[in-house]
Amino acid sequence: METNMLLLVGCVGILLSKQVLAEQHVVGGKQGWDESTDFDSWASGQTFRVGDTLVFKYSPLHNVAELGSESDYKNCDVGSATNSMSDGNSVVKLTKEGTRYFACATSGHCAQGMKLKITTVSSSSSSSPSTPTSTSTSTSTSTSGATCASDLFALVAAFLVILSYLMNILC
Ligand SMILES: [Cu+2]
């Protein structure tokens, strides 16, 4: 009886933490926003969800221009950017599902590969970020395992908060 109650509380904790925890994606990882970074391969290892943020970190040589279309992205047409940032630590919030395009507007940099295309998915999407799966047959098992592990910390935290709350009521 009490065990069931605790399990229920734990599940509620997981659901709550999923709503609250948004991920911050540092664009390009350790290399940051730079010509030498392979942004296609970086982006393919990430899952971008509604509510997450992108953080571009770069030197004053660079900047960030958001492009409005796939063709602008392909042609590096940074002149028609919809938004420009140059503070060296630009935060972009992913507020809705869909594809967004970014490039460096410094002459020649976009052509050298300094551009990024990302697709934001719904925040309830179940696919797990940056979890390589060894074989296709074990995909579902390993994905749920990884999700479980990443939720463990949040679960413990939520559990402790709720437990102390219950103790206050009962004692
Ligand atoms: Cu640049």
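The values are calculated or read from the model by the stated rules, or taken from the named source; none is laboratory data. Because the structure is predicted, anything quoted here is derived from the model rather than measured. Every residue, glycine as well, gets a Cβ built from its backbone with ideal geometry; the counts of neighbours run over all protein chains shown.
Worth pointing out:
Per-residue answers, yes or no, for (1) in the same structural domain as Thr106 (by TED's automatic domain parsing); (2) in contact (Cβ under 8 Å) with a residue 12 or more places away in the chain; (3) surrounded by fewer than 18 Cβ atoms within 10 Å (Cβ to Cβ); (4) within 14 Å of the ligand (Cβ to nearest atom):
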| site | (1), (2), (3), (4) |
| --- | --- |
| Ser44 | yes, no, yes, no |
| Val55 | yes, yes, yes, no |
| Ser59 | yes, yes, yes, yes |
| Glu70 | yes, yes, yes, no |
| Asp77 | yes, no, yes, no |
| Asn89 | yes, yes, yes, no |
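- The residue that is farthest from Gly51 (Cα to Cα), among those in the range 103-120 that are away from the ligand (no atom under 11 Å from the Cβ) and buried (at least 18 other Cβ atoms within 10 Å of the Cβ), is Leu116.
- Odd one out for Pro129, checked against (1) modelled with pLDDT of 95 or more; (2) closer than 16 Å to Val26 by Cα: (1)
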